[in-house]
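S.K.: One structure is given below, represented as structure tokens, and several questions about it will come after.
The values are calculated or read from the model by the stated rules, or taken from the named source; none is laboratory data. Just so we're clear, the structure is a prediction, and the values are computed from it rather than from any experiment. Note that each Cβ is placed from the backbone with ideal geometry, even for glycine, and that neighbours are counted across all protein chains shown.
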Amino acid sequence: MSGMFSGCSSLKELNLNNFNTNNVTDMKSMFYECSTLKELNLNNFNTNNVTDMRSMFYGCSSLKELNLNNFNTNNVTNMRSMFSGCESLK
């Protein structure tokens with residue numbers, strides 16, 4: 001899923017409730033520069049096997065709400081700049 005929505009600067013809404021992320025290992029730059037995205041619920045994401053979340057939300061400057069309640073980061077080795085540029089995040 002590395003770079004999956006990267007550069008989607010006009011993306012305002014995104015429903016990922018039915019995404020199966022059980023085997024995903026790389027979420028690097030997944031939402032990179034999604035600058036108009038205001039809310040994102042990733043509560044259903046299974047991140048047990050993810051090792052790279054580097055720059056995952058980098059540049060999401062309009063993002064105010066982010067649900068990561070079920071994120072398991074035990075195997076993540078790189079979170080560098082994960083929330084860089086997320087000035088609106090509460």
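S.K.: Taking interchain pairs and intrachain pairs at least six residues apart, which have beta carbon atoms under 7 angstrom, with the first residue in the stretch 74-90 and modelled with pLDDT of 95 or more and the second in a loop (DSSP other than H, G, I, E, B) and among the charged types (D, E, K, R)?
M.R.: So the pair list comes out as ASN78/ARG54; MET79/ARG54; ARG80/ARG54; SER81/ARG54; MET82/ARG54; SER88/LYS64.
S.K.: Further, regarding this structure: In the stretch 38-63, what residues are among the hydrophobic types (A, V, I, L, M, F, W, C) and over 17 Å from GLU87 (Cα atoms)?
M.R.: Applying the first criterion (among the hydrophobic types (A, V, I, L, M, F, W, C)) to the stretch 38-63 yields 40, 42, 45, 50, 53, 56-57, 60, 63.
Selection gives LEU42, PHE45, VAL50, MET53.
S.K.: Please find, among SER10, SER2, SER35, the residue that is in a loop (DSSP other than H, G, I, E, B), of a type outside the set (Phe, Trp, Tyr), in contact (Cβ under 8 Å) with a residue 24 or more places away in the chain and under 15 Å from SER84 (Cα atoms). If you could, list the steps in order and put the result at the bottom.
M.R.: On the way: SER10 fails: under 15 Å from SER84 (Cα atoms); SER2 fails: under 15 Å from SER84 (Cα atoms).
Of the residues listed, the single one that is in a loop (DSSP other than H, G, I, E, B), of a type outside the set (Phe, Trp, Tyr), in contact (Cβ under 8 Å) with a residue 24 or more places away in the chain and under 15 Å from SER84 (Cα atoms) is SER35.
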